Amino acid sequence: MATIYHDEDADLGALRGERIAVIGYGNQGRSQALNLRDSGLEVVVGNIGDAARERAAAEGFRASDIGAAVGDAQVVMLLIPDEVMPDVYTRDVAPALADGAALSFASGYNVAFGYVAPKPTVDVLLLAPRMIGPGVRDTYVDGRGFPSFVGVHQDASGRARARLLALAKGVGSTRAGCLEMSMADEAALDLFTEQGFGPAFGAVLTSAIEAMIEAGYPPEAVLMELYMSGELAYTAQHFVDTGIINQMDFHSRTSQYGSMTRGWRFADIDFKSRMRQALDEIRSGTFAAEWQDEQRAGAPRFEQLRALRQFHPLNEWEAATRSAFRMTRKPGR
Ligand code: NDP
């Protein structure tokens with residue numbers, strides 16, 4: 001049975017007298033820094049570039065370069081991209097990190113696969129939100145909070161768990177629940193969603209789109225029917241709130257009969273063996289090693305694949321649908 005921590009299990013007092021350095025002021029960093037401060041904790045920000053540092057300062061934080069912020073704190077939260085973390089840790093964080101400090105990660109990836117090996121004299125914590133950065137702030141402000149996976153990887157101070165739970169409460173996560181797990185399990189679950197479930201779901205969706213367009217239906221109609229109306233996203237929220245099976249009662253009897261009688265046609269497609277293959281690659285470290293090599297080589301395959309995806313006709317079909325329905329496209333990054 002999984003251990004799940006809630007508000008009553010955590011005491012902000014465990015961080016009394018300790019300064020928290022939030023390193024990185026991006027998606028997670030900004031939201032978590034604001035939440036921790038609103039919870040009454042003392043927060044400083046460390047950042048590499050000027051723009052985010054100035055934003056942090058404009059939003060009322062003492063902001064400095066990374067080494068200075070780490071040296072000034074007893075708790076350090078590394079909220080920068082996983083790809084840059086090993087270098088930043090070695091160059092800027094480790095030399096300034098005091099014995100007895102706590103070092104917290106929002107993803108198990110680097111520690112689990114050995115790319116960051118924190119020294120034995122610090123607490124090593126996992127506080128991994130199951131929520132994108134803006135949602136970390138929005139759900140704190142509206143009082144709901146967001147779930148996280150949490151764990152103590154190394155307890156040098158003897159109070160690592162108390163510090164972890166206080167941090168989790170400070171960012172607003174114990175309101176929704178924090179499930180205990182190891183760095184390795186968090187990394188495997190996260191990567192599996194990206195490499196097993198996500199691509200399989202994408203393949204099902206694009207197969208459906210192509211089958212219907214090839215059958216002569218206009219792309220605008222097909223995309224609107226399948227996902228662009230927002231009905232899919234709305235229904236997915238009901239998976240959460242009502243349950244995947246129970247929400248079926250919201251659909252017509254014709255819909256229910258059709259999907260229950262035809263569902264078996266897809267039951268013998270062997271998704272699971274490919275999913276297990278993805279999981280094996282993740283757990284063995286094969287994926288992490290491949291990605292490490294790719295980045296060392298300057299990410300040529302990554303850039304090639306990114307360039308290629310722009311040629312998928314889906315971009316045009318979506319543009320046509322948006323224009324036909326007078327929808328505005330929200331900018332990406
Ligand atoms: P972001 O991409 O938003 O991080 C941007 C921040 O990192 C900026 O402050 C940026 O500084 C800084 N940064 C970028 N490159 C460097 C570098 N080379 N050296 C030092 N600092 C750098 O990251 P996220 O918030 O998305 O991710 C942070 C952590 O949270 C990761 O471990 C991630 O796995 C985890 N996580 C992320 C989730 C998400 O939804 N995004 C969800 C759950 C966990 P500047 O602007 O000055 O360049």
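The values are calculated or read from the model by the stated rules, or taken from the named source; none is laboratory data. Keep in mind that what you see is a predicted model, and the values were worked out from it rather than measured. Glycine gets a Cβ as well: all are built from the backbone with ideal geometry, and neighbour counts include every protein chain shown. The accessibility values were calculated without ligands, DNA or RNA, using every heavy atom of the protein model including side chains. Shrake-Rupley method; radii C 1.70, N 1.55, O 1.52, S 1.80 Å.
Within the bounds of region 137-144, is there any residue that is part of a loop (DSSP other than H, G, I, E, B) and open to solvent by less than 10 Å² (accessible area, probe 1.4 Å)?
no
Please count how many residues of region 87-121 are away from the ligand (no atom under 12 Å from the Cβ), surrounded by fewer than 18 Cβ atoms within 10 Å (Cβ to Cβ) and over 18 Å from ASP190 (Cβ atoms).
Result for region 87-121: 9.
Any idea how many residues of region 63-86 are within 22 Å of ALA166 (Cβ to Cβ), open to solvent by 10 Å² or more (accessible area, probe 1.4 Å) and touching an Asp or Glu at 6+ places or on another chain (Cβ under 8 Å)?
So the count comes out to 1.
Here are the criteria: (1) more than 7 Å from the ligand (Cβ to nearest atom); (2) outside any strand (DSSP E or B). Tell me which single one ALA52 does not satisfy.
All conditions are met except number (1).
Of the conditions (1) within 23 Å of TYR140 (Cβ to Cβ); (2) within 13 Å of the ligand (Cβ to nearest atom); (3) open to solvent by 10 Å² or more (accessible area, probe 1.4 Å); (4) part of a helix (DSSP H, G or I), ARG37 clears all except one; give me its number.
Every condition holds for ARG37 apart from (2).
Could you say whether any residue in region 264-284 is over 21 Å from GLY202 (Cα atoms) and touching a residue at least 24 places away in the same chain (Cβ under 8 Å)? Let's see the steps before the verdict.
From region 264-284, those over 21 Å from GLY202 (Cα atoms) are 283-284; that's our starting set.
Going one step further and asking which of them are touching a residue at least 24 places away in the same chain (Cβ under 8 Å), we end up with 283.
Yes - at least one qualifying residue is present in region 264-284.
Might you let me know whether region 62-69 holds any residue that is in contact (Cβ under 8 Å) with a residue 24 or more places away in the chain, of a type outside the set (Val, Ile, Thr) and more than 12 Å from the ligand (Cβ to nearest atom)? Explain how you work it out, then say what you get.
Step one: of region 62-69, the residues in contact (Cβ under 8 Å) with a residue 24 or more places away in the chain are 63, 65-69.
The next check asks that each one be of a type outside the set (Val, Ile, Thr); those that pass are 63, 65, 67-69.
From the residues that got through so far, the ones that are more than 12 Å from the ligand (Cβ to nearest atom) too are 68.
Within region 62-69 (the criterion being in contact (Cβ under 8 Å) with a residue 24 or more places away in the chain, of a type outside the set (Val, Ile, Thr) and more than 12 Å from the ligand (Cβ to nearest atom)), the answer is yes, since at least one residue qualifies.
Just checking: which of the helices (runs of 4 or more DSSP H) contained wholly in region 209-322 hold 1 or more residues that are among the acidic types (Asp, Glu)?
Output list reads 219-223, 231-241, 271-283, 286-296, 300-309.
Checking ALA176 against (1) in a loop (DSSP other than H, G, I, E, B); (2) open to solvent by less than 30 Å² (accessible area, probe 1.4 Å); (3) among the small types (Gly, Ala, Ser), which single condition isn't satisfied?
Condition (2) is where ALA176 drops out.
What pairs come out if I take residues in region 22-45 that are closer than 17 Å to ASP11 by Cβ and pair them with residues that are part of a strand (DSSP E or B) and open to solvent by 40 Å² or more (accessible area, probe 1.4 Å) whose C-beta lies under 8 Å away, six or more apart or interchain?
Note: pairs meeting the criteria are GLU42/ARG19.
Please state which one of ALA233, ALA203, ALA221, ALA208 is over 29 Å from the mean Cα position of the chain (by Cα), free of Cβ contacts under 8 Å to residues at least 24 places away in the same chain and open to solvent by less than 90 Å² (accessible area, probe 1.4 Å).
ALA221
Could you tell me which residue of region 248-278 is most open to solvent (accessible area, probe 1.4 Å), considering only residues that are over 31 Å from the mean Cα position of the chain (by Cα) and polar (S, T, N, Q)?
Here the answer is THR254.
Here are some residues: VAL124, VAL152. Which one is open to solvent by 40 Å² or more (accessible area, probe 1.4 Å) and in a strand (DSSP E or B)?
Exactly one residue qualifies, and that residue is VAL152.
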